[in-house]
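The values are calculated or read from the model by the stated rules, or taken from the named source; none is laboratory data. Being a predicted model, the structure only gives us computed values, none of them experimental. Backbone-built Cβ (ideal geometry, glycine too); neighbour counts: all protein chains shown. Accessible surface is based on the protein model in full, side chains and every heavy atom, while ligands, DNA and RNA are left aside. Shrake-Rupley method; radii C 1.70, N 1.55, O 1.52, S 1.80 Å.
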Amino acid sequence: MAYDNPFDEEEEEVNPFGDQSTQGSGPFNMANPGSKPSASSSRLSPLPPERADTVDIPIDSTAMELKRKEEELHAREAELKKREQELKRKEDAIARAGIVIEEKNFPPFFPIIHHDIANEIPVHLQKMQYVAFLTLLGLVVCLAWNIVAVALAAWVNEEGPMIFFLAIIYFITGVPGAYVLWYRPLYRAMKSDSALKLVWFFLSYMFHIGFCVVAAVAPPIFFKGKSLTGILPALEVSFSSSFVGIFYFIGFGLFAIESLMSIWVIQQVYMYFRGSGKAAEMRREAARQTMMAAL
């Protein structure tokens, strides 16, 4: 015997958020609480379309910004051109005045002077200029060795600190003085083919040769004690200390070689000076400058 289940009812999906007024029934319909919810009540009503937010780009302000940047670039370009013209004007004025800006390139590890014989001195004069440069370096070696030998004499033979200080003074005055007084005038004379600069070189270089010859002898009438490693101090020091005497004899040999090389250089420069017509040019230049000074 079959019994009907009174609670067995067809289940339908009920949308509690549906429109109850249009459907007329629902789980919350107070007017008809016993009615069943319809199938149409289970569907959600579509949401209204949302408006897309749009951002208005101010075209005028962007164009003004680009124009402003372009004007700034033009102003900077004009300023750079003005600076280039000013620099070019100064360079031309320096060139007309005869002022040469030389880049320091020697020695390579610590540049303090400008020196470029291979590119600035004519080929037929390069050998003579190189030997003159060797005499400058030779003077550096002679005075540096002189400091070492005199320091040993002051320490071993107890000659006193005065000769050591004099040896240092010879070095710090002799090396820069030689470069300024005779090597740079010779370098510029060979570079620019100037006769007047050669005359200044002759006067200064003769003083350099005289100093080297006197230093190789080192008579006590010119220099105090044994402050120079000449032949006479070498003989005197060797009696008390043969070790120190060897240093003094080496110094004497260096000064003698320096003197011979310097004599060769001045002979070569003089031969070039006479053979190239620089003597006549120098006389004409001196007469012209005398006349200009008188006027």
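Determine whether Val213 is open to solvent by 40 Å² or more (accessible area, probe 1.4 Å), within 30 Å of Gly275 (Cα to Cα) and over 37 Å from the mean Cα position of the chain (by Cα). Please lay out each step first, then the result.
Working: open to solvent by 40 Å² or more (accessible area, probe 1.4 Å): yes; within 30 Å of Gly275 (Cα to Cα): yes; over 37 Å from the mean Cα position of the chain (by Cα): yes.
So Val213 fits the description; yes.
Within the stretch 234-275, can you find the residues that are open to solvent by 80 Å² or more (accessible area, probe 1.4 Å) and closer than 16 Å to Ala144 by Cβ?
Residue satisfying the conditions is Ile257 alone.
Only one of these is of a type outside the set (Asp, Glu), open to solvent by less than 10 Å² (accessible area, probe 1.4 Å) and either touching a Leu at 6+ places or on another chain (Cβ under 9 Å) or in a helix (DSSP H, G or I) (or both): Ala167, Ala151. Name it. Write out each step before concluding.
Details: Ala151 fails: open to solvent by less than 10 Å² (accessible area, probe 1.4 Å).
Residue meeting the stated conditions: Ala167.
When the stretch 172-229 is examined, which residues are found to be on the phi < 0 side of the Ramachandran plot, among the hydrophobic types (A, V, I, L, M, F, W, C) and not in a helix (DSSP H, G or I)?
Selection gives Ile221, Phe222, Phe223, Leu228.
Looking only at the stretch 89-117, how many residues end up being modelled with pLDDT of 70 or more and either of a type in the set (Lys, Arg) or exposed (fewer than 10 other Cβ atoms within 10 Å of the Cβ) (or both)?
Residues that pass the stated criteria total 7.
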